[in-house]
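Every number here is computed from the coordinates shown, using simple stated rules; none is lab data. Note that the coordinates shown come from a computational prediction; the quantities given were computed from them, not determined experimentally. Neighbour counts run over all protein chains shown; Cβ positions are idealised from the backbone, glycine included.
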Amino acid sequence: MPSETLQGVVLRYANYRERDRMLTLLTPDHGRVDVVSHGCRRPKSQLLTGSEMFVHGEFVVFQNRDRFTLTACAPTDTFYPLRLDSYRLTCATYLLNLAQAAAQPEQPAQGLYTLLLKGLYRLAYGTDDAPLAVTNAFLLLFAAEIGYRPRLNHCARCGKSLPTDRGAQLDIAAGGLCCDDCAEKPYFSLTAAQTAWMRQTLLNELSGSLGEADAPLFEALRAYVESRLDACIKCSQLLP
Ligand SMILES: [Zn+2]
């Protein structure tokens with residue numbers, strides 16, 4: 001690029017100087033891209049609507065060496081309803097933070113990008129979904145997307161087949177469900193219904209009903225995912 005149009009989602013911003021912002025975008029083709037939005041905090045700036053968190057759209061950027069400057073933007077969706085519900089907003093912010101922790105500059109991230117958009121749509125517009133159920137589904141699919149799909153059908157330590165009518169232990173270090181004989185701490189005891197939900201969600205991705213908020217499952221999935229990222233994400237402390 002010197003000048004290129006990027007599809008992207010704003011993961012975060014940091015204000016600097018009087019009127020500028022540094023945006024972090026997630027893009028399908030270039031992964032994480034940091035872009036300077038000059039003067040976007042001036043009243044009437046054409047860049048302001050595109051320089052907010054969650055905005056999805058087209059961003060025209062100019063490249064000078066390793067620095068990108070925003071020259072125009074055309075938002076497709078601002079996910080506005082998230083601003084009307086602080087709990088949904090917290091869940092959605094957590095999704096952005098997870099995406100930011102996983103995305104790397106110049107590493108294509110098509111799968112992560114699609115997953116993030118689907119999650120944000122469900123949180124903003126899926127009024128029948130419990131926000132925590134969407135967050136749980138995102139955590140599980142995110143783990144799979146970044147290469148840590150948990151083993152669910154066989155014990156992750158001894159390989160024994162796990163009966164589907166019984167619960168199992170989500171063993172954080174082993175990378176999946178373990179039988180009672182093998183599970184090592186830290187692990188989370190999950191019910192048969194919870195393990196069935198995980199299997200179903202990995203098949204359905206983010207389509208179909210996601211069910212009720214399940215706080216214990218959130219604790220288990222958060223521990224699993226954040227151990228893989230080697231990051232403790234601050235806003236997740238506000239959940240469940
Ligand atoms: Zn075992």
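List of remarks:
- Evaluated over the Cα positions of the chain, the convex hull gives a direction-averaged projected area, one quarter of its surface, of 13.5 nm².
- Taking the fewest neighbouring Cβ atoms within 10 Å as the starting point, the ordered list for M53, M198, M22 is M22, M53, M198.
- Full extension of the chain segment joining Q110 with E184 gains 23.2 nm, where the gain is 0.36 nm per residue of separation less the Cα-Cα distance.
- Kirkwood Rh in Å, taken over all unlike Cα pairs in the stretch 198-240: 11.8
- 13 Å cut-off, amide nitrogen to a point 7 angstrom out along Y16 Cα→Cβ, residues in the stretch 67-99: 67-69
- If the convex hull is drawn through the Cα atoms of the stretch 3-77, its volume per residue in Å³: 78
- Residue exposure proxy: Y87, Y13, Y224, ordered by other Cβ atoms within 10 angstrom of their Cβ from fewest to most, comes out as Y87, Y13, Y224.
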